[in-house]
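The values are calculated or read from the model by the stated rules, or taken from the named source; none is laboratory data. These numbers were taken from a predicted model, which means no experiment stands behind them. Here Cβ is always computed from backbone atoms with ideal geometry, including for glycine, and neighbour counts include all displayed protein chains. Heavy atoms of the whole protein, side chains included, go into the accessibility calculation; ligands, DNA and RNA do not. Shrake-Rupley method; radii C 1.70, N 1.55, O 1.52, S 1.80 Å.
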Amino acid sequence: MSAPGTPEPAMSTESPTPTSAAVSPATSGALARLLDSDIFHSFIRSPITVLSALVVLAILVAALLAPVIAPQNPFDPATLNLMDGFTRPMQANAFTGNVYWLGTDAQGRDLFSAILYGSRVSLLVGFAAVAFAAVLGITLGLVAGYRGGWVDSLIMRIADVQLSFPAILVALLIFGVFKGVVPPALHDKAAIYVLILAIGLSDWVQYARTVRSSTLAERNKEYVQAARVIGVPAPTILLRHILPNVMGPVLVIATIGLALAIILESTLSFLGVGVPPTQPSLGTLIRVGQDYLFSGEWWIVFFPGLTLLLLALSVNLLGDWLRDALNPRLRR
């Protein structure tokens, strides 16, 4: 207490200045749960899985940043020099003196740039086709498993018929119908959309059968029966109650399906029925390179093929790990 006659010290009315940005409790809690989860520990304990994730991430980032990373736009004729054709990797061209990391093709296109741009097309088609197949298959699987009866029988018989044909034949059939219906002037513009549609329609069956079997097991459980008793509409029950409980197997199928979709797209492009030459993917680059394989220009087909192999193998390994991580009975 101050002595008599001494004025009391003034109380500060200013609030303390924060020294660091506030972190949302929900965000920090979710991050803490993720770092402490079995899935995260399973991930970091598997060096092959970590390496596969890094490979996929590197290819994905490089493809997205292709306009920034690529030394040239390989599909712009104004940037090409025919004198740079057939330049070997990391060797100076005899006429221009230019050096390219992965060499060039017959038109003088930098293969490193072509692979970056080609990966963009392959990844775009792969992700879009998997998303389309997943939405279609999940929807049909939920309806078939929940309704049952003739609806279930009709959807599953269609799925059984499609399973009797290889996916590539279904995709080729869709492409044949497309070329017969659409005017030739629109073929190149709509090729990517038709490719996504063809791959998606050839891969929806796995999602539908998996979701149907899980829905059959979930629809008779107490929480679904309780939702029916209180009058919850069927679409709400499917989307809010049953769907979250059947997504585990779907994520595994989607991860492995991404690798299969990229390979199928490359196969179709290699056969000449995929993306147009003005928007080549990895499959188109491999098709162009195989013409020069036996004449000594091995790098034209080797590096696009190696990129496709690394991408597909890494995604498959991630799918195998995710299958084991989401199923405790399969964990090693």
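Each residue was assigned an accessible area with a 1.4 Å probe, and for residue 212 the value is about 60 Å². Length available on full extension from residue 51 to residue 162: 0.36 nm per residue minus the Cα-Cα distance, which gives 36.4 nm. Between residue 173 and residue 150, full extension at 0.36 nm per residue minus the direct alpha carbon distance yields a gain of 5.5 nm. Extension gain, residue 135 to residue 81, is 14.9 nm, computed as 0.36 nm per intervening residue step minus the present C-alpha separation. Here the range 54-118 is treated as an ellipsoid with the same Cα gyration tensor; its semi-axes, largest first and in whole Å, are 23, 13, 8. Our summary gives the chain a relative contact order of 20 percent, counting only alpha carbon pairs under 8 angstrom and 6 or more residues apart. The distance from the alpha carbon centre of the range 185-221 to that of the range 235-277 is 7 Å, rounded to a whole number. If Lys and Arg each add +1 and Asp and Glu each add -1, what is the summed charge of the other residues whose beta carbon sits under 11 Å from the beta carbon of residue 278? With Lys, Arg at +1 and Asp, Glu at -1, the net is -1.
A 1.4 Å probe over all protein chains sorts 218, 265 by accessible area into 218, 265, starting with the largest. Taking every protein chain into account, the 1.4 Å probe leaves residue 256 with about 50 Å² of accessible area, to the nearest ten. Among the listed options (1) 1.16; (2) 0.98; (3) 1.10, the one matching Rg/Rh (Cα atoms, Kirkwood Rh) as calculated from these coordinates is (1).
The listed residues 223, 117, once ranked by accessible area (1.4 Å probe) with the largest placed first, stand as 223, 117. The listed residues 242, 158, once ranked by accessible area (1.4 Å probe) with the largest placed first, stand as 158, 242.
Membrane-span-like helices in the chain, defined purely by DSSP H runs whose alpha carbon atoms cover 20 Å or more axially and whose average Kyte-Doolittle hydropathy reaches 1.6, are 47-64, 111-147, 167-181, 247-270.
Taken along the Cα-to-beta-carbon direction at a fixed 7 Å, the label points for residue 58 and residue 278 span 3.4 nm.
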